1. Show the residues, 5+ positions off or on another chain, whose built amide H is closer than 5 Å to the amide H of D168.
2. With every atom except the alpha carbons ignored, what do you get for Rg and Dmax of the range 144-246, in angstroms?
3. What's the exposure ranking of Y138, Y179, going from fewest to most Cβ atoms within 10 Å?
4. Using only the alpha-carbon atoms of the range 18-99 as identical scatterers, what base-10 log of I(q)/I(0) does the Debye formula give at q = 0.21 Å⁻¹?
5. Kirkwood Rh, Cα Rg: Rg to Rh for the range 45-193?
6. Using the crude model of +1 on Lys and Arg Cβ and -1 on Asp and Glu Cβ, and no other charge, please compute the dipole size for the chain relative to its Cα centre, in debye to 20.
7. Hey, what's the Cα Rg ratio for the chain versus the globular rule of thumb, 2.2 N^0.38 Å?
8. Order 244-250, 222-228 from most to least packed using the mean count of other Cβ atoms within 10 Å.
Amino acid sequence: MSVWKTIRGRFIGQPLGKKEETQQPTDPRELEAERCIHQGLELLAAGQIDEALAAFHRAVQAAPHSARAHYGRGLAYYNRGDYHWAIADLSQALRLNPHMAEAYCTRGLACAAKGDYDWAIADLTEALKLNPYLAEAYNGRGVAYTAKKCYDAAIADFDCAIKLNPNDANVYFNRGFAYGLKGDYPRALADYTQAIRLNPQHYRAYNNRGTIYQALHDYQRAIADFNEAIRLKPDFADAYNNRGVAYQSLGDSERANADFEMAHRLGFGRS
């Protein structure tokens with residue numbers, strides 16, 4: 001499993017920015033494109049990604065030279081996990097409007113999701129030059145730095161993201177992940193705990209906090225966290241495997257083997 005898939009959060013997207021035109025559009029095709037863009041954003045916010053993508057398709061067909069329309073479609077592709085098509089549309093948006101910070105940000109996130117961390121860092125840095133208040137760009141760049149094992153740079157970016165948006169559980173989770181990889185277990189525990197406070201359904205935060213307790217040989221607390229992760233997501237193979245390791249460390253071979261078997265059944269180690 002890639003670092004990005006382990007620690008990224010879903011990015012719904014920034015507003016589409018200002019219209020390229022200085023006046024309200026009067027051409028019927030541009031008016032139709034704007035209507036479709038607005039509809040697509042509402043559908044994305046409602047989690048109806050395929051329907052949003054269809055609306056942005058109509059926007060691009062109505063106004064093929066609209067950076068906003070291409071950005072919207074790229075954003076929908078990103079949210080659907082179609083990163084190749086997302087990058088294509090976002091690149092077209094930037095050709096039409098090279099000052100669209102949101103397009104750089106989302107393309108950077110798509111590149112990170114594909115594992116192209118250098119391109120991701122370049123795009124997210126450009127996004128922040130254009131708009132230094134994009135918390136998601138700091139978070140995404142921090143994820144990319146984490147993947148490249150540049151933990152101090154990653155933590156600095158997560159710090160900036162938290163200053164801009166102190167209520168995003170995923171950023172605390174990401175910073176905790178970086179602290180854990182650095183071996184700074186007290187700060188990792190604090191960040192995972194804060195992620196859980198902000199989002200009590202964050203099963204990955206419970207799992208990762210359990211791994212920190214495990215590293216500190218506090219196996220009972222580790223098992224309690226793995227139990228909660230499994231309660232929240234009963235098919236979470238990693239948590240079963242981690243709990244098996246904790247039971248094994250306590251000498252409880254029966255429970256350890258049962259957890260290892262369940263983890264294997266759920267696909268642990270196959271990706």
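1. none
2. Taking only Cα atoms of the range 144-246, I get Rg and Dmax of 13.3, 39 Å.
3. Fewest to most other Cβ atoms nearby, the residues stand as Y179, Y138.
4. Debye intensities relative to I(0), on a log10 scale: -0.88.
5. In the range 45-193, Rg relative to Rh is 1.03.
6. Charge dipole, the chain, about its Cα centre: 260 debye, nearest 20.
7. 1.14
8. 222-228, 244-250
Any read-out appearing in this document is the output of simple, stated calculations on the displayed coordinates, not a laboratory observation. All of these numbers come straight from a predicted model, not from anything done at the bench. A quick note on method: Cβ atoms are made from the backbone with ideal geometry, for glycine too, and the neighbour counts reach across all protein chains shown.
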